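Data first, discussion second: the structure below is written as structure tokens.
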Amino acid sequence: MFSTSQLLLSLSYLGVFLIVFAETGLLVGFFLPADSLLITAGVLAAAGKISLPAVMVASLIGGTLGNALGYLIGRQLGPAVFSRPRSRWFKPEYVERAHAYFERFGSYTLLIARFVPVVRTFAPTMAGVGKMRWSTFTQVNVIGSVLWSVLVSLVGFFLGRVVPHVDHYILLVIGAVIVLSLIPVALELRHARLRSRAP
């Protein structure tokens, strides 16, 4: 079986860029292992096999450009997809709701989504569908890309330095990262539920 470590060592930084770009920019890329890729890259960097700064830069560029592409896809295709009044799944009012939501919570949503697999793929497209302002989207896109690329890579690097044979536990580490990233989402959903119950 071709492991993530072998993939990284074979494709190097171009592989990091392409996988992160596809996972964040192409809707069909939601299944790609960007989190595990960055954590594994951090572990390999701790072992001196690859450069941690280069991994961060490749991921940062791939994530920023990928999110921008996802936004443009939503902005360009959204009106056509959601313009059918009798459609069961893609109704015009959904665009209005998305627009109102991203005007109010867009920045926060995009930052949190960057750390949540699958959601990370679809959030920028929905921001485009909701016509979130490009200037705001770009700022949050760059900030989110920097935070995600640096923090996730550093998690792998730190674990590679302090935990012997951490590469044997990559799936467990990724699971822990996903759970931690979902905590803010769960808290926000809880707060929203409490606000809806308030008189």
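Cβ neighbours within 10 Å, averaged per peptide: list 52-62, 23-33 in order, most packed at the top.
52-62, 23-33
Tally Lys and Arg at +1 and Asp and Glu at -1 over the other residues with C-beta under 14 Å from the C-beta of ARG120: what net charge comes out?
Charge balance near ARG120 sits at -1.
None of the figures in this text is laboratory data; all of them are computed from the coordinates on show. Everything numeric here is computed off the predicted structure, so don't read it as measured data. Cβ: placed from backbone, ideal geometry, glycine included. Neighbour counts: every protein chain shown.
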